[in-house]
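Read the structure below first, then the notes.
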Amino acid sequence: MALKDIIGQQRALDILRGCISRDRIPHALLFTGDEGIGKRLTAINFAKALNCLNEQEDDLFAMSEELSASSAADEIDNCGVCASCRKIDKGNHPDVIMIAPEGDGGQITVSVIRELEGSLSYKPFEGKWKIAIIDNADRLNQSAANAFLQTLEEPSPQSILILISSRPDILLPTIRSRCQRINFSPLPVDTMSALIVEKTGELDSEQSFLLSRLSGGRPGYALNDELISRRDQSFNVLIKLLDTHEEDLWESRDEMGEWFEWCELWLRDLAVFLATGRTDFLINSDKENEIRAISSGTDLRSILKLGREIHNIKSKLNFNLNKQLTLNYTGLLLKKMLRRESVSN
């Protein structure tokens, strides 16, 4: 895969290609946008373009006689077949370092950052650039974030740091201020739907349109085979919380966070239906009967208030809220605001 294969992020790609064409690569970049939108994929292919062994400088110089600078920049990409590109794809290039949260706490620790500092202190071994891609950079714990500041303030020559985050506001302001921020946007529903049909080759327009809306314009979500089943499971959890079940409904903190995202989507549909009475505005358009059933026991004001409470809980999940207490409190909120003892499928 190459930069040209990334769909719907033309502005971000133009910025990155412009940096290469002008030979002015920022020491630190911050890729922001929703989960599953293509940030990590773009970072990997940008690293491939920077270290691609099939040099493009001569080709770009020749093209500059006939093309504008912007047109020439559009041609910048990786070949995808040279030894460097293949190694990066496989994750074993000595000059491209991938960092992600690990362990039960799902954090990036100070020991990982210290190891990164040591690696960046050496010159590139094979490529032109030493590149570190820090996925979910907002998961840097306090010690790691403070240590990482030194790396940003004292950059090694020929090194590039690419931070990826769907929650950039959680990063230290001093980290954000030292990075060039590049925003990634959700794909329009029509574009997303066409991409799904192209990639799967087996879904009709109605199915692809549903996946487009559920994914929120995020290709990584839309092309996930489990998207519908995860959505349905989130509804099952909602029903259980409305009943008297007190069992542990979330196996992990990440699963709990994902449920709150789905819950906001369900509440959005409830609010839309109560406000307009129209089902063609629903995102979960195939769950019309379920939404009607729940809405019969509540009103718009209660749904809006519940939505604010759910959003407030979700925003605090990073502060290690007790899982069982969160479960119990959320269940009480749902019972109170939806005014029902139970809802059946």
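None of the figures in this text is laboratory data; all of them are computed from the coordinates on show. Here the structure is a predicted model, which is why all the values come from computation and not from measurement. With ideal geometry, Cβ positions are generated from the backbone for all residues, glycine too; neighbour counts draw on all protein chains shown.
Here are the numbers:
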item: Tensor-based shape of segment 208-345 (alpha-carbon gyration tensor, a/c under 1.5 rounded, otherwise prolate or oblate); result: oblate
item: 10 Å binning of all Cα-Cα separations within segment 225-302, expressed as whole percents from 0 upward; result: 17, 49, 29, 4
item: Acute angle (nearest 10 degrees) that the helix 227-242 long axis makes with the longest principal axis of the chain, alpha-carbon atoms; result: 40 degrees
item: Pairs of Cα atoms farther than 27 Å apart, the chain, %; result: 55 percent
item: Separation in nanometres of the label points that stand 7 Å from Cα toward Cβ, at residue 23 and residue 286; result: 5.4 nm
item: Prolate/oblate/rounded label for segment 1-56 (Cα gyration tensor, a/c 1.5); result: prolate
item: In degrees, nearest ten, helix 142-153 long axis to first principal axis of the chain (Cα); result: 30 degrees
item: Tensor-based shape of segment 142-206 (alpha-carbon gyration tensor, a/c under 1.5 rounded, otherwise prolate or oblate); result: prolate
item: Degrees separating the helix 300-315 axis from the principal Cα axis of the chain, which is the longest one; result: 40 degrees
item: Dipole-positive endmost among 46, 319, 205 within the chain (Cβ charges, Cα centre); result: 319
item: FRET E, pair residue 229, residue 128, Förster distance 35 Å, beta-carbon r, rounded to 0.05; result: 0.20
item: Amide H contacts of residue 181 (H built 1.01 Å from N, under 5 Å, at least 5 apart or other chain); result: 30
item: 12 Å beta-carbon shell around residue 166, net charge (K/R +1, D/E -1); result: -1
item: 10 Å binning of all Cα-Cα separations within segment 3-183, expressed as whole percents from 0 upward; result: 9, 37, 37, 14, 3, 0
item: Estimated FRET transfer efficiency (residue 198, residue 117; beta-carbon r; R0 51 Å; 0.05); result: 0.75
